[in-house]
Amino acid sequence: MRLLRASLSLLAIGLSVAAGPARAEKVANPVAVFTGLDKITGRIITFDVYVDETVQFGALRVTPRVCYTRPPTEAARTDAFVEVDEITLNDEIKRIFSGWMFAASPGLNAVEHPVYDVWLNDCRQESDIRPPSSPDDARTAEANPDGAPTPLETIDGIPIPRPKPAAPPTSIGEPELDLPDGNGEEPPPGEILD
């Protein structure tokens, strides 16, 4: 009987080891980082959105509900559950996307709209953008207007994303401007060129 118990114990240990390493816990992040493309202007913007905050990008309202990453010691895997609503020309709000977005496969579940595309880039623990205000923040702002942070621009109370500072342009591969006067400077307005 002892031999049978020992054999079963060893078998259980062997099966647990063979099952593979334990799955790493997901890390919940308070900030989701998105990229948006305006297909009309060709403008690309990267913007942060706090979880459960709604930010407007063009005619779209983007609301991340959760944003998960894995610990730095594990292989990167970033995903977020996101809801995207469209503001129609009749000022109606229509849900056009509700589901998981994966940063590693942006084309898998990106929001594709006739004018705008939005996809998940990353999840973060903090952002350069201040967190959404709470009622306590409003009371503090009323009490001390000089020390209060400047409010975000909004449309109907929905914050508009602030673009991240653009990286400085590189001179590699950029064509040189060939201006008509030949000296590399733009001629003064009204001057007739030969």
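The values are calculated or read from the model by the stated rules, or taken from the named source; none is laboratory data. Note that the structure is a prediction, hence the values are computed from the model and not measured. Here the Cβ is made from the backbone with ideal geometry for all residues, glycine too, and neighbour counts use every protein chain on show.
Could you please let me know if residue 149 is part of a loop (DSSP other than H, G, I, E, B), surrounded by fewer than 15 Cβ atoms within 10 Å (Cβ to Cβ) and at pLDDT below 80?
Judged against the criteria, residue 149 is a match.
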Residues being out of contact with any Phe, Trp or Tyr (no Cβ under 8 Å at 6 or more places or on another chain) and either within 11 Å of residue 85 (Cβ to Cβ) or among the β-branched types (Val, Ile, Thr) (or both) - total across the stretch 35-63: 8
Filtered residues of the stretch 31-61 (kept if buried (at least 20 other Cβ atoms within 10 Å of the Cβ) and of a type in the set (Asp, Glu)): 48
Tally, over the stretch 54-71, of residues that are in a loop (DSSP other than H, G, I, E, B) and either touching a Lys or Arg at 6+ places or on another chain (Cβ under 7 Å) or modelled with pLDDT of 95 or more (or both): 2
Filtered residue count, the stretch 67-84, keeping only those that are surrounded by fewer than 20 Cβ atoms within 10 Å (Cβ to Cβ) and under 22 Å from residue 116 (Cα atoms): 2
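What number of residues within the stretch 79-94 satisfy the criterion of being more than 14 Å from residue 110 (Cα to Cα) and not charged (D, E, K, R)?
5
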Residue within the stretch 70-87 that is over 20 Å from residue 40 (Cβ atoms) and either of a type in the set (Ser, Thr, Tyr) or in contact with a helix residue (DSSP H, G or I) (Cβ under 9 Å, 6 or more places away or on another chain) (or both) present: yes
